[in-house]
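Reading through the structure tokens given below for one structure.
The values are calculated or read from the model by the stated rules, or taken from the named source; none is laboratory data. Computed from a prediction, not measured in an experiment: that's the story for all the values here. Cβ placement follows ideal geometry from the backbone for every residue including glycine, while neighbour counts extend to all protein chains displayed. Each accessible area value is taken on the protein alone, full model and side chains, heavy atoms only, with ligands, DNA and RNA left out. Shrake-Rupley method; radii C 1.70, N 1.55, O 1.52, S 1.80 Å.
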Amino acid sequence: EGMPVRRRTNFGFNLAFATVTQSGVTTSANTLTSVLRQDFFIGGSARNYFFAQGQWDHIQPQDLKLRQTYGGGLGRDLIRHGDFTLSIQGGLTYVKTSFETGELRNEMDALAGEKVTLTALKRLKISHEFDVYPSVTSAGDYRFNSLTVLDAPISKRLSFNISLNDQYLSRPVPGTQSNVLILSTGLGVNF
């Protein structure tokens with residue numbers, strides 16, 4: 001209490017199971033995305049930070065078995081006022097991707113992103129994140145992730161949330177989708 005903020009930990013986990021049967025054809029679109037990021041504030045104002053992160057993705061519509069992203073960089077809270085925060089960040093990541101077809105990709109990507117958080121009506125939380133990863137090792141390739149979440153508390157430890165997750169890959173495996181958009185609902189655990 002009374003000391004400036006030194007660290008901020010962000011953890012996200014989004015899991016969606018979807019199966020559709022149409023005209024006798026069954027299609028599955030299971031996805032899993034998890035991210036762990038640690039921000040370390042620097043300087044007297046506690047608005048600038050450097051970060052380290054790891055992200056793990058499985059996206060069945062893209063035949064993506066596992067994408068591991070490890071990296072870090074610098075960020076700044078441009079606006080941090082009461083119930084509103086706007087942050088930007090940039091950095092470099094190492095990405096190891098394995099596809100169901102057996103194809104493996106090892107790449108270096110740049111990272112540029114933003115995050116907006118707003119608390120409305122003293123309890124309803126709305127957050128939006130957008131990260132773009134232009135490839136450093138494969139010219140012209142890029143991907144982006146966008147996540148928007150509406151979080152409504154049920155109790156001190158539980159909340160109900162609705163999320164819209166958009167994941168785009170500029171060079172997907174042939175015969176798969178380049179863009180996956182998922183709307184999901186679920187329960188959140190606050191700790």
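Go ahead and run the numbers for FRET between Ala112 and Ile79, Cβ-Cβ distance against an R0 of 25 Å, rounding to 0.05.
It comes out at approximately 0.90.
For Ser170 and Ala139 in one chain, what is 0.36 nm times their gap in residues minus the Cα-Cα distance, to one decimal in nm?
In short, 10.0 nm is gained.
Starting from the Cα of Lys156, draw a straight line to each of the lysines and keep only those under 28 Å, dropping any in the same chain fewer than 8 residues away.
In chain and number order, the partners are Lys115, Lys122, Lys125.
With θ taken as phi - 60° and the coefficients 6.51, -1.76 and 1.60, list the Karplus ³J(HN,Hα) couplings across segment 110-124 in order, rounded to whole Hz; mark glycine and proline as x.
Per residue, the Karplus-derived 3J(HN,Hα) values read 7, 9, 9, x, 9, 9, 10, 10, 9, 10, 10, 6, 6, 9, 7 Hz.
Counting only heavy atoms of the protein chains, get the accessible area per residue of segment 89-180 (1.4 Å probe) and round it to a whole Å² value. Intermediate values should be presented prior to the final figure.
On the way: 4930 Å² over 92 residues.
Accessible surface, normalised per residue, equals 54 Å².
Within segment 1-142, what whole-number % of the accessible surface is contributed by carbon and sulfur, with the 1.4 Å probe and all protein chains included in the calculation? Don't skip to the end; give the middle numbers.
Working: 4920 of 8250 Å².
Exposed carbon and sulfur together represent 60 percent of the surface.
Which length gain, in nm to one decimal place, applies between Asn190 and Arg105 when the Cα-Cα distance is subtracted from 0.36 nm times their residue separation? It would help to have the intermediate numbers written out before the result.
Numbers: separation 85, 0.36 × 85 = 30.60 nm, distance 3.56 nm.
This chain segment gains 27.0 nm when fully extended.
Applying 1/(1 + (r/R0)^6) with R0 = 45 Å to the Cβ-Cβ distance of Asn179 and Arg157, what FRET efficiency is obtained, to the nearest 0.05? Walk me through the intermediate numbers first.
Details: r = 35 Å, r/R0 = 0.78.
Calculated transfer efficiency: 0.80.
Relative contact order for the chain using alpha-carbon pairs under 8 Å, separation at least 6, rounded to a whole percent?
Contact order relative to length: 12 percent.
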